[in-house]
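Student: I'd like to ask you about the structure that follows.
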Amino acid sequence: MNEPLKQLRTEFRACNLCEAICGLEFKIEGPKIISIRGDDADPFSRGHICPKAVALKDIHEDPDRIRRPMKRTGKDWQEISWDEAFEFAAGRMAALVQENGNNAVAFYAGNPSVHNLGHLLGIQQLARLLKTRSAFSASSVDQLPQQLTSLLMFGHQFMIPIPDIDHTDYFLILGGNPIASNGSMMTVPDVAKRLKAIQTRGGKVVVIDPRRTETAEIASEHHFIRPGTDAALLMAMLNVIRSEGLMKPNAALPLKNLDQALDAIAHITPTIAAASTGIAADEIKRLARDFAGSRTAIAYGRIGACIQPFGTVAQWLVQLLNIVTGNLDREGGTMPTNPVIPITGPGTRPGHYAQWKSRVSGLPESGGEIPVAALAEEILTPGEGQIHGLITMCGNPVLSTPNGRQLDHAFESLAFMLSIDIYMNETTRHADLILPPTSALNHDHYDLIFNAFAVRNVTRYNEAFWARPGDERYDWEIFSGIGAKLAEKLGREFTPMPALQHIIGGMLKKSGNREGTTMESLKAAPHGIDLGALKPSLASRIETADKLIDCAPAPMLADMQRFNRELLDSAPKSLHLIGRRHVRSNNSWMHNYHRLVKGKARHQLLMHPDDLASRGLISGQVIELSSRIGKLNVPVEATTDVLPGVVCLPHGWGHDREGARMAIASAHAGASFNDISDDKFLDAISGNAALNAIPVEVRAAG
Ligand SMILES: Nc1nc2c(c(=O)[nH]1)N[C@H]1C(S)=C(S)[C@@H](COP(=O)(O)OP(=O)(O)OC[C@H]3O[C@@H](n4cnc5c(=O)[nH]c(N)nc54)[C@H](O)[C@@H]3O)O[C@H]1N2
Ligand SMILES: Nc1nc2c(c(=O)[nH]1)N[C@H]1C(S)=C(S)[C@@H](COP(=O)(O)OP(=O)(O)OC[C@H]3O[C@@H](n4cnc5c(=O)[nH]c(N)nc54)[C@H](O)[C@@H]3O)O[C@H]1N2
Ligand code: SF4
Ligand SMILES: [Mo]
């Protein structure tokens, strides 16, 4: 009678869906997931969970999820064997390389690859084999300005100072909405409680955002800002701090060129900044004095201060604000982590910048990648070095990167396209071959990257719940399968990847099994291991050639001319479009689960009632939203939560493209933000797409 109960087992695992890496408790019976809840015994996430976690079951069981290789046959698709698939993919790619050179085959790596170690390492392996300069990723619609700032100031692209949220007295958030996103470039499960705790201990959370967001709602202060103008605010704050003698840089940090940096921005007074930001000069002064006067403080800039026209300058100024107030590399300020598997230091890749430029628009490479805004033109523009073949991996650039309609067109023109993905969606429908890795729950999990960006030093390894079914493949097996055949055809070296446990075990040994962390100790601690709060360590870890922090990198100083010309001389003439996230969504790919999309639609355009009235429009009607690139129709909703002059639309929707096979998503299509975002509207230094602050117009549809 108790037979079925005997099979019921409990498993623990970090959630792989977003950067918060919450610990989850699964009840499993045979092949079935019975329940998913937050793991109270996880020392880091302490039982926190969000609505997406339960959708791990839906993803695992989704009938639309692809399980076997799919080859295009005209308008149809045919299931083929793995061996046939590897042979086909390698054959086509080898031919393109042999005929047109290495750069003719490009790849684009998307966001979930960072949450999937087998995939991440597979991409690196494939990149080494392909030797292509046509490398693209979601980084250039995301955190590239932050990585570049770290490279130029600290000498390593991954030396990211992380907010010490649990010990700070003042948390200044520019362009981040952690209550919806659960935090980013700051792995922070349970962020709501941690933000509350700042206020409970007498500190402040201050949000700078063109929208009164969910985070603004619970903050101590919210200031509306005009999109794209954070740099002006930060310059003025720095000038107040300097002119009022409030500077107190951390004496332990070896700084250079600080005066040069401050001189370059000295002309931006609070009055000037007020004119471009819309924040009153007196408020700017008070913000600066409060920040500098706090015992400890954090300046943190995220998506809204990255994917905008002055993203890199803004990130540089965020670091300068932390530096001049002594908050860089101190408890309660920001500090780099010290993970047991380091991603900075000896043997890691510090990155490089502008060592070559993209062929068509001359955009600078960063760490070997070209900004994804250039992907379509590199495919569509004939000539030496043109892209003829593309591999997308864990990515949906048609919905996630600028000018998606142009990408649709470009992908149709490719000689060969391979997608390593679990869905036939807006991007992968263009592929000649789709190779689906097995479900995330069927493979082991280790957060190499998010451990390194966490607000405490943490580590954990979780084993697969089930071995993969015989006719499915792990991500790393797919890369090894293609790699072996491609290497043979190109006459190149190739070593297949071992299983993840061996790789992680080896990495731990290499870093000296620090804190006693071995593969065995990790396996014995399925709830994860907390290795303590962040500690100052940056001073001895700087990787610039002279081991000094460069406060005035040349590209930032050079971009001041553009700043003076464009930002200060242009009063807002049109409306400006910004994005938003919702806790029950995740970029473009999690709209195929009933429990996440049910209820009121969430993909409407938000607009201030005054802006509607001045155009004779009413809340609820369908409007036409247009930019230099194109137009789309979408329902509009009036709200005073956005600044007048600002309209707000989430990205990742637009599931009505023909040929995708995601039934629930297509029934909740929405419109794609990136159908009208501009592949020429960029952060000039990094080439990162400016997907916020886009000039747009709104009128009645039809
Ligand atoms: N307008 C606007 N655009 C934006 C943003 C914005 O704020 N505004 N944000 C940008 C940001 S921050 C990011 S990171 C990008 C994201 O851009 P992308 O990474 O290109 O897009 P995603 O929507 O994350 O698509 C993930 C893809 O991975 C697939 N996938 C999911 N799990 C797995 C898996 O386990 N294995 C494999 N092989 N595939 C899997 C999904 O089916 C989907 O095709 O979007 C950017 N685009
Ligand atoms: N639920 C959910 N969680 C997610 C994701 C998701 O899609 N859904 N995506 C994940 C990914 S890939 C990432 S990178 C992170 C991103 O994490 P966050 O950076 O927290 O992302 P957003 O919620 O988009 O917050 C960006 C904020 O910037 C504001 N903003 C726009 N333009 C400007 C500007 O010019 N200046 C200022 N100051 N603010 C501006 C927007 O109004 C918005 O509130 O979230 C991750 N977590
Ligand atoms: S907050 Fe992120 S990591 Fe935590 S349960 Fe939700 S999706 Fe998973
Ligand atoms: Mo992202």
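Student: Along Cα→Cβ, 7 Å out, is where each label goes; now give me the distance between the ones at Arg37 and Arg615 in nm to one decimal.
Tutor: Taking the simple label geometry, Arg37 and Arg615 are separated by 4.7 nm.
Student: Taking R0 as 22 Å, what's the FRET efficiency between Glu244 and Arg295 from their Cβ-Cβ distance, rounded to 0.05?
Tutor: 0.80
Student: Let me have the relative contact order for segment 401-492, percent, based on Cα pairs under 8 Å that are six or more residues apart.
Tutor: This gives 21 percent for segment 401-492.
Student: Gap in Å between the Cα centre of segment 486-551 and the Cα centre of segment 435-478?
Tutor: The distance from the Cα centre of segment 435-478 to that of segment 486-551 comes to 16 Å.
Student: Also: Quote the FRET efficiency, to the nearest 0.05, computed for Lys547 versus Glu331 with a Förster distance R0 of 22 Å and r equal to the Cβ-Cβ distance.
Tutor: 0.45
Student: With only Lys, Arg, Asp and Glu charged, each at its Cβ (+1 for the first two, -1 for the last two), find how big the charge dipole of the chain is about the Cα centre; round to the nearest 20 debye.
Tutor: 660
Student: Moving on. Which whole-number percent gives the relative contact order of segment 324-481, counting Cα pairs below 8 Å spaced six or more residues apart?
Tutor: Answer for segment 324-481 is 17 percent.
Student: Does the chain come out rounded, prolate or oblate, given a ≥ b ≥ c as the square roots of the eigenvalues of its C-alpha gyration tensor, rounded meaning a/c under 1.5 and, failing that, prolate meaning a/b above b/c?
Tutor: rounded
Student: Could you work out how much longer the chain between Glu412 and Arg128 gets when fully extended? Use 0.36 nm per residue separation minus the Cα distance between them, nm to one decimal.
Tutor: The Glu412-Arg128 span can extend by a further 99.6 nm.
Student: Also, I was wondering about something else. Probe 1.4 Å, all protein chains in place: accessible area of Met662 in Å², nearest 10?
Tutor: The accessible area of Met662 comes to roughly 10 Å².
Student: Does segment 341-383 come out rounded, prolate or oblate by the C-alpha gyration tensor, with a ≥ b ≥ c the root eigenvalues, rounded set by a/c under 1.5 and, if not, prolate when a/b is larger than b/c and oblate if not?
Tutor: Because a/c hits 1.5 or more and a/b exceeds b/c, segment 341-383 counts as prolate.
Student: Which percent of the accessible heavy-atom area of segment 479-521 goes to carbon and sulfur, probe 1.4 angstrom?
Tutor: Here it works out to 53 percent.
Student: Excluding residues fewer than 8 places away in the same chain, name every one of the lysines whose C-alpha is closer than 20 Å to that of Lys52.
Tutor: Lys27, Lys32, Lys193, Lys598, Lys600
Student: Let me ask something additional. Got a sec? Charge dipole of the chain, +1 on Cβ for Lys and Arg, -1 for Asp and Glu; which of Ala663, Ile391, Ile676 is way out at the positive end?
Tutor: Highest projection toward the positive end goes to Ala663.
Student: Rounded to the nearest 10 Å², what accessible area does Thr277 show when all protein chains are kept and the probe is 1.4 Å?
Tutor: 0
Student: Same structure again: At 222 nm, what value in deg cm²/dmol follows for the chain if DSSP H runs of at least 4 each add -39500 (n - 2.57) and the sum is divided by all its residues, to the nearest 500?
Tutor: Helices in the chain give a 222 nm mean residue ellipticity of -8500 deg cm²/dmol.
Student: Given the options Leu418, Val455, Leu380, identify the residue whose Cα lies farthest towards the positive end of the charge dipole of segment 349-484 (+1 on Cβ of Lys, Arg; -1 on Cβ of Asp, Glu).
Tutor: Highest projection toward the positive end goes to Val455.
Student: If you count only protein heavy atoms and use a 1.4 Å probe, how large is the accessible surface of Phe310, to the nearest 10 Å²?
Tutor: About 10 Å², rounded to the nearest 10.
Student: Modelling each spin label as a point 7 Å along the Cα-to-Cβ direction, I'd like the Asp83/Ala252 distance in nm, to one decimal.
Tutor: Result for the modelled spin labels: 6.0 nm.
Student: Between Ala280 and Thr73, what length in nm is gained on full extension when 0.36 nm per residue of separation is reduced by their alpha carbon distance?
Tutor: The Ala280-Thr73 span can extend by a further 68.4 nm.
Student: Just list whichever of Lys509/Lys535; Lys485/Lys523; Lys285/Lys573 have alpha carbons separated by over 31 Å in the model shown.
Tutor: Lys485/Lys523
Student: Counting DSSP beta bridges in the chain, what percent are antiparallel, to the nearest 5?
Tutor: 55
Student: Further question: Express the relative contact order of the chain as a whole percentage, based on alpha carbon pairs under 8 Å and six or more residues apart in sequence.
Tutor: 19
Student: State the extension gain, in nm to one decimal, for the chain segment bounded by Val622 and Lys510, taking 0.36 nm per residue of separation less the distance between their alpha-carbons.
Tutor: Stretched out fully, the Val622 to Lys510 stretch lengthens by 34.5 nm.
Student: Compare the Cα positions of His156, Asn322, Gly483 along the charge dipole of the chain (+1 at Cβ of Lys, Arg; -1 at Cβ of Asp, Glu; about the Cα centre) and return the one farthest towards the positive end.
Tutor: Of the options given, the answer is Asn322.
Student: For segment 388-402 and segment 243-311, what is the separation of their C-alpha centers, rounded to whole Å?
Tutor: Centre-to-centre distance over Cα atoms comes out at 37 Å.
Student: When the Cα centres of segment 27-80 and segment 143-164 are compared, how far apart do they sit, in Å?
Tutor: Cα centres, segment 27-80 to segment 143-164: 33 Å.
Student: Summing +1 for each Lys or Arg and -1 for each Asp or Glu, what net charge is found among the other residues whose Cβ lies under 15 Å from the Cβ of Leu320?
Tutor: -3
Student: Same structure again: At 7 Å along Cα-to-Cβ for each site, give me the label-to-label distance between Ser220 and Ala663 in nm.
Tutor: For Ser220 paired with Ala663, the spin-label model returns 5.2 nm.
Student: Which lysines does Lys256 reach when only Cα atoms under 16 Å apart count, and residues fewer than 8 places away in its own chain are ignored?
Tutor: Counting by Cα, and skipping residues close in sequence, Lys256 has these lysines nearby: Lys248, Lys547.
Student: Where in segment 563-584 is the amide nitrogen less than 19 Å from a point lying 7 Å along the Cα-to-Cβ axis of Arg699?
Tutor: It comes to 573-577, nothing else.
The values are calculated or read from the model by the stated rules, or taken from the named source; none is laboratory data. Just so you know, these numbers come straight off a predicted model, no measurement behind them. Cβ: placed from backbone, ideal geometry, glycine included. Neighbour counts: every protein chain shown. Protein only, heavy atoms only, side chains kept; ligands, DNA and RNA dropped before computing areas. Shrake-Rupley method; radii C 1.70, N 1.55, O 1.52, S 1.80 Å.
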